[in-house]
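The next block holds one structure in the form of structure tokens; read it before the comments.
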Amino acid sequence: MRVVLQRVRRASVTIGTECVGRIDHGLLILLGVHRTDGPEQANWLADKVAGLRIFEDPDGKMNLSVLDKDGSILVVSQFTLYGSCEKGRRPSFIEAAHPEIAEPLYERFVNNLKALGIPVATGRFGADMQVELINDGPVTIVVDCDAG
């Protein structure tokens, strides 16, 4: 699994004219699932993201997690994170998991975050979504976990 996470002041995801997910202060997570990923990767990644110390403490050092800051997380599925541009001009997505594998792992990741007590909003898996955010910092981190 791979995430691109951004520390945000606020973020939202819209489908058509309907806002389906919105947070203030926290993390926007774009989540990609690799074709060989399993439950272990979803578990590991949720714990990693929840504990990542990328929020500033009173001394201005990145020393606090989203849990420490009572922040929220907006999770958006994004299979294009596994796009390969090594050959040709059109990305290949053969490393991305098919929806029947990816969707349950996406849901597991979201549920693991919720189980840690983090308020979580989501987009809609497989939908054409528009994402808006106010990046805070800006702070953008990519986290990969090894496939099973």
Inside region 90-101, can you point out the residues that are part of a helix (DSSP H, G or I) and either of a type in the set (D, E, K, R) or touching a strand residue (DSSP E or B) at 6+ places or on another chain (Cβ under 7 Å) (or both)?
Glu100
Would you please list the contacts, defined by Cβ atoms under 6 Å and residues six or more apart or on different chains, that run from a residue in region 6-34 that is outside any strand (DSSP E or B) to a residue that is among the aliphatic types (A, V, I, L, M)?
Val33/Met1; Val33/Ala97; Val33/Ala102; Val33/Leu105
The lone condition Gly38 fails out of (1) surrounded by 13 or more Cβ atoms within 10 Å (Cβ to Cβ); (2) more than 19 Å from Leu5 (Cβ to Cβ); (3) among the small types (Gly, Ala, Ser); (4) touching a strand residue (DSSP E or B) at 6+ places or on another chain (Cβ under 9 Å) is (4)
For the structure I just gave you, tell me whether Lys69 is outside any strand (DSSP E or B), at pLDDT 95 or above and under 12 Å from the mean Cα position of the chain (by Cα).
no
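Would you confirm, using the coordinates I've provided, whether Ala46 is of a type in the set (A, V, I, L, M, F, W, C) and either outside any strand (DSSP E or B) or surrounded by fewer than 20 Cβ atoms within 10 Å (Cβ to Cβ) (or both)? Give the steps one after another, and end with the answer.
Numbers: of a type in the set (A, V, I, L, M, F, W, C): yes; either outside any strand (DSSP E or B) or surrounded by fewer than 20 Cβ atoms within 10 Å (Cβ to Cβ) (or both): yes.
In short, yes.
The values are calculated or read from the model by the stated rules, or taken from the named source; none is laboratory data. Computed from a predicted structure; not experimentally measured. Don't worry about glycine lacking a Cβ; one is built from the backbone with ideal geometry, like all the others, and counts go over all protein chains shown.
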